[in-house]
Amino acid sequence: MPIRLERGGNPITCVDDWFKHAPPMGGAHQWQDGYSAKELAKAWCAEGVTPAPPPALVSLLSSIPELAALHFDVG
């Protein structure tokens, strides 16, 4: 389930775009492998594929009847 990610009208299609348009408050200091900001970007923007919700998140939400039909369009 692909999603359109953007910030301020700027598309985010990869981890580098995420840092460019939506960096963490601590900037490059917090943009490290293993830090939550970059790991979140990597989860939503897997290399070589269109941005999409992480499969584990989709699975979790699908297990809740009220959220099973939830569809992500824009983030």
Going through the stretch 22-75 one residue at a time, which ones are of a type in the set (Val, Ile, Thr) and either at pLDDT below 95 or closer than 15 Å to Ile3 by Cα (or both)? Val49, Thr50, Val58, Val74
Candidate set from the stretch 55-75 (those that are touching a residue at least 40 places away in the same chain (Cβ under 8 Å) and within 15 Å of Cys45 (Cα to Cα)); member that is surrounded by the most Cβ atoms within 10 Å (Cβ to Cβ): Phe72
Only residues in the stretch 27-47 that are farther than 13 Å from Asp16 by Cβ count as the first member; pair them with residues that are in a loop (DSSP other than H, G, I, E, B) and among the aromatic types (Phe, Trp, Tyr), Cβ under 8 angstrom, at least 6 apart or cross-chain, and list the lot. Ala37/Trp31
The lone exception for His21 - which of (1) surrounded by 11 or more Cβ atoms within 10 Å (Cβ to Cβ); (2) touching a strand residue (DSSP E or B) at 6+ places or on another chain (Cβ under 6 Å); (3) in contact (Cβ under 8 Å) with a residue 60 or more places away in the chain it fails: (3)
Would you please name the residue that is farthest from Phe72 (Cα to Cα), looking only at residues in the stretch 27-52 that are surrounded by 18 or more Cβ atoms within 10 Å (Cβ to Cβ) and not small (Gly, Ala, Ser)? Lys38
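The values are calculated or read from the model by the stated rules, or taken from the named source; none is laboratory data. On a predicted model such as this, the values are computed, not experimentally measured, just so you know. Cβ: placed from backbone, ideal geometry, glycine included. Neighbour counts: every protein chain shown.
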